[in-house]
Amino acid sequence: MAAPRVPRVSLILLAVLALAVPEARSEYGDVVLNRYSGKGGMRPVVFPHWFHRVRFRCKVCHHELGFEMRAGANDVRMSDIIDGRFCGMCHNNDIAWGAERCDLCHSGKPGLKSGIYGGHQTNGPGRW
Amino acid sequence: MRLALALLLAICTVAAAQSGKPPPRFERNWDSLAKDGVHDPRSPAMRQLQEPREALSALPADSAGNQVRWVDALRDGSINPRSSLRPEAEVRLLETDIYMSRYGSVPAVRFPHREHTLWLDCSNCHEKLFKSKVGANEISMLRILQGEQCGQCHGAVAFPLTECARCHNTPRTPAKPRQAMESAR
């Protein structure tokens, strides 16, 4: 058995994994939505999974409310939200605060691309 | 590629066995929102949004992902997220475990329906992601790493793919390559 070699190989593999982690260290599972926000003169939207899953199981959004489970797959417009669709199914001053609190949703760094972010070891499906 | 994966898993298993006892201790560390590279530190929301540390440090500890053992957080009642908004919405649960052991080179995978259906609905996986028939799905680690199959959630929102042993959680038995069993727990 080449037992003494194992740690060295694993160190190299770990180093490769560590180097592959990009710079943004936002909380695991954060999704940026910026298909329209930047063009509309607003900061990108940051959706925190960690915050919402403390309050709601996945099935509430991804089954009952019908959010597709793919970053960028939901064509969300601000008018939808005000009309009570997508985020507006809860952010309606009933289940949660309403659409008038622009900055709480539009809190991202200008120019961010849509997609899933998040540190602590991976940066979303297929990105190592 | 398959060989490389098997080797990596073997190494992870060896490393896990060596550091197995005493139970691994780790420091949990959350970046503040203003420094996380995604939020704009100049946004007026910075003073209003909750810091991850504030909410997550109280929950059962993990070393990866959100650094929270979400399955345990549900089980021990430290959180009780809503299952539906409308009272009439149907909440479906299933208790069967699926054992996946097509490969002699890696420990078998026990897929628990229970822990998944506590969070998810059947439609999140069936029939698009997985057919609901034992052995009907050709699951491969390569596709998982590319964000398909189990990797749609693991590596994005559920615990990340670096946690090999949490899926490859069952020492190999000479059973059938796929098997469904009533959850023993």
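The values are calculated or read from the model by the stated rules, or taken from the named source; none is laboratory data. On a predicted model such as this, the values are computed, not experimentally measured, just so you know. Don't worry about glycine lacking a Cβ; one is built from the backbone with ideal geometry, like all the others, and counts go over all protein chains shown.
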Check: Given B:Arg47, B:Arg82, which one is in contact with a helix residue (DSSP H, G or I) (Cβ under 9 Å, 6 or more places away or on another chain), closer than 30 Å to A:Ser107 by Cβ and within 13 Å of another protein chain (Cβ to nearest Cβ)?
Finding: B:Arg82
Next item on the list: Could you tell me whether B:Arg42 is in a loop (DSSP other than H, G, I, E, B) and at pLDDT below 95?
Entry: no
Check: Does at least one position in region B:89-98 carry a residue that is closer than 30 Å to B:Glu182 by Cβ, more than 8 Å from every other protein chain (Cβ to nearest Cβ) and touching a Cys at 6+ places or on another chain (Cβ under 9 Å)?
Finding: yes
Item checked: Options B:Arg166, B:Arg143; residue that is under 15 Å from the mean Cα position of the chain (by Cα), farther than 22 Å from A:Val60 by Cα, basic (Lys, Arg) and within 14 Å of chain A (Cβ to nearest Cβ) -> B:Arg166
Check: List, please: which pairs have Cβ atoms under 6 Å, are six or more places apart or on different chains, and start with a residue in region B:113-139 that is more than 14 Å from every other protein chain (Cβ to nearest Cβ) and end with one that is part of a helix (DSSP H, G or I) and surrounded by 15 or more Cβ atoms within 10 Å (Cβ to Cβ)?
Finding: B:Ile139/B:Gln149
